[in-house]
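Q: Here it is, the structure, as structure tokens.
The values are calculated or read from the model by the stated rules, or taken from the named source; none is laboratory data. Predicted model only: the values in this text are computed from it and were never measured. We place every Cβ from the backbone using ideal geometry, glycine too, and count neighbours over all the protein chains shown.
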Ligand code: ADP
Ligand code: MG
């Protein structure tokens with residue numbers, strides 16, 4: 001996935017900032033107060049930005065984060081050997097598993113958010129995701145799976161309500177349950193990463209995983225500014241300034257997909273039909289916690305242009321933008337008030353229901 005939508009400045013402000021910087025003769029020395037580093041985890045580039053942190057401490061924090069993210073990626077991987085795969089195997093064979101504290105907490109939080117989303121964010125449909133060929137680092141090749149196989153998996157209807165977590169004990173009441181935390185683990189990991197940064201005394205930072213990010217503190221005198229990727233062309237759709245502690249997550253049909261006979265098959269599956277959700281091309285959520293924002297972006301993508309406000313309310317999400325198949329932009333007024341669009345959208349559909 002391209003590491004797009006990094007730190008973004010509105011063109012006017014960018015010009016102004018550059019002018020000021022050059023006037024102060026700092027541009028030639030390149031003494032940017034932002035320390036940047038990146039590493040690869042969760043199938044994407046993780047970009048770190050720390051404002052005004054001495055280099056030795058920044059390097060130490062960056063290394064600690066890389067180590068933690070690499071471990072979390074292995075532990076919570078949906079289809080490679082690790083702790084989650086073991087939980088899945090035990091649940092399938094014996095209906096119960098013993099997790100480690102981190103994975104038990106992760107699963108419990110995923111289950112909670114899944115129930116609040118009416119199961120549209122459904123972290124236990126691993127078999128469906130695998131059937132569609134997305135349990136692979138390579139994009140799948142068509143044709144799509146046979147309708148009969150999809151129908152069988154949908155009928156088994158695994159949901160988070162089938163799983164009960166009590167301490168480290170995880171019990172399942174449906175043998176079809178397979179955890180796939182692809183829609184959630186990255187956000188949850190970012191929240192843990194931010195916690196780690198705070199413990200290291202870093203209070204102005206962004207952790208950005210391929211455009212999904214959480215920012216804390218500020219970029220010096222001004223807030224952090226970030227861009228939301230345009231789902232249909234290279235570049236930025238809109239810019240937003242972050243409050244002191246906020247996450248911005250987007251689920252899009254462009255992240256992982258293949259085309260077969262002119263039809264696009266992407267990686268966000270509607271658990272009710274078993275097919276990729278087709279009414280949305282991207283859903284963006286702003287929320288303090290990255291884990292909630294990640295689960296919510298996926299849930300609202302599946303909910304689509306008609307049902308997103310009700311699900312957003314249940315999830316406690318206050319800012320949403322959804323781009324539908326026709327390119328119309330759906331938003332609530334609070335979100336509209338915060339976005340600076342690159343070019344004025346043709347159609348905006350406002351929802352007062354959120
Ligand atoms: P991305 O990871 O590309 O930002 P998402 O957060 O929406 O996008 O996660 C999509 C991934 O989540 C899929 O690759 C799959 O592993 C899993 N998934 C697909 N559909 C659902 C769903 N309805 N609920 C929960 N997880 C899903
Ligand atoms: Mg998600």
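Q: Please work out which residue is nearest to ligand 2 (Cβ to nearest atom), limiting yourself to segment 296-311 and to residues that are under 23 Å from residue 150 (Cα atoms) and buried (at least 24 other Cβ atoms within 10 Å of the Cβ).
A: Only one residue fits best here, namely 298.
Q: Still on this structure: Do you know which of the residues in segment 208-228 that are under 22 Å from residue 277 (Cα atoms) and surrounded by 22 or more Cβ atoms within 10 Å (Cβ to Cβ) is nearest to ligand 1 (Cβ to nearest atom)?
A: 212
Q: Mind listing just one residue for me: the one in segment 257-295 that is at pLDDT below 95 and assigned to a loop (DSSP other than H, G, I, E, B) and, of those, surrounded by the most Cβ atoms within 10 Å (Cβ to Cβ)?
A: 261
Q: Within segment 241-256, which residues are surrounded by fewer than 22 Cβ atoms within 10 Å (Cβ to Cβ) and closer than 19 Å to residue 209 by Cβ?
A: Correct list: 245, 254, 255, 256.
Q: Can you find even one residue in segment 294-306 that is free of Cβ contacts under 8 Å to residues at least 40 places away in the same chain and more than 14 Å from ligand 1 (Cβ to nearest atom)?
A: Yes: segment 294-306 contains one or more residues that are free of Cβ contacts under 8 Å to residues at least 40 places away in the same chain and more than 14 Å from ligand 1 (Cβ to nearest atom).
Q: Does residue 205 fit the bill of being surrounded by 23 or more Cβ atoms within 10 Å (Cβ to Cβ), away from ligand 2 (no atom under 16 Å from the Cβ) and at pLDDT 95 or above?
A: Yes.
Q: For residue 224, work out the one condition from (1) touching a strand residue (DSSP E or B) at 6+ places or on another chain (Cβ under 9 Å); (2) closer than 25 Å to residue 318 by Cβ; (3) without any contact (Cβ under 8 Å) to a residue 60 or more places away in the chain; (4) more than 16 Å from ligand 2 (Cβ to nearest atom) it doesn't fulfil.
A: The failed condition is (3).
Q: Quick one: would you say residue 105 is in a helix (DSSP H, G or I), surrounded by fewer than 17 Cβ atoms within 10 Å (Cβ to Cβ) and more than 15 Å from ligand 1 (Cβ to nearest atom)?
A: yes
Q: In segment 313-345, which residues are touching a strand residue (DSSP E or B) at 6+ places or on another chain (Cβ under 7 Å), free of Cβ contacts under 8 Å to residues at least 60 places away in the same chain and more than 27 Å from residue 205 (Cα to Cα)?
A: 324, 325, 328, 329, 330, 331, 332, 333, 345 - these are the residues of segment 313-345 that are touching a strand residue (DSSP E or B) at 6+ places or on another chain (Cβ under 7 Å), free of Cβ contacts under 8 Å to residues at least 60 places away in the same chain and more than 27 Å from residue 205 (Cα to Cα).
Q: Also: Take residue 53 and decide whether it is over 25 Å from residue 298 (Cβ atoms), surrounded by 17 or more Cβ atoms within 10 Å (Cβ to Cβ) and out of contact with any helix residue (DSSP H, G or I) (no Cβ under 6 Å at 6 or more places or on another chain).
A: Yes, satisfied.
Q: Hey, residue 243 hits all of (1) more than 16 Å from ligand 1 (Cβ to nearest atom); (2) part of a strand (DSSP E or B) but one; which does it fall short on?
A: Failing condition for residue 243: (2).
Q: OK, next. If you scan segment 163-173, which residues turn out to be buried (at least 16 other Cβ atoms within 10 Å of the Cβ) and either part of a loop (DSSP other than H, G, I, E, B) or in contact with a strand residue (DSSP E or B) (Cβ under 6 Å, 6 or more places away or on another chain) (or both)?
A: 163, 170, 172
Q: When only residues in segment 175-192 that are away from ligand 1 (no atom under 12 Å from the Cβ), assigned to a loop (DSSP other than H, G, I, E, B) and out of contact with any strand residue (DSSP E or B) (no Cβ under 7 Å at 6 or more places or on another chain) count, which is farthest from residue 153 (Cα to Cα)?
A: 175
Q: Applying the selection to segment 80-97, what residues are in contact (Cβ under 8 Å) with a residue 60 or more places away in the chain and touching a helix residue (DSSP H, G or I) at 6+ places or on another chain (Cβ under 8 Å)?
A: Result: 84, 87, 88, 96, 97.
Q: Under the condition of being in contact with a strand residue (DSSP E or B) (Cβ under 7 Å, 6 or more places away or on another chain) and farther than 20 Å from residue 81 by Cβ, which residue from segment 108-137 is farthest from ligand 1 (Cβ to nearest atom)?
A: 108
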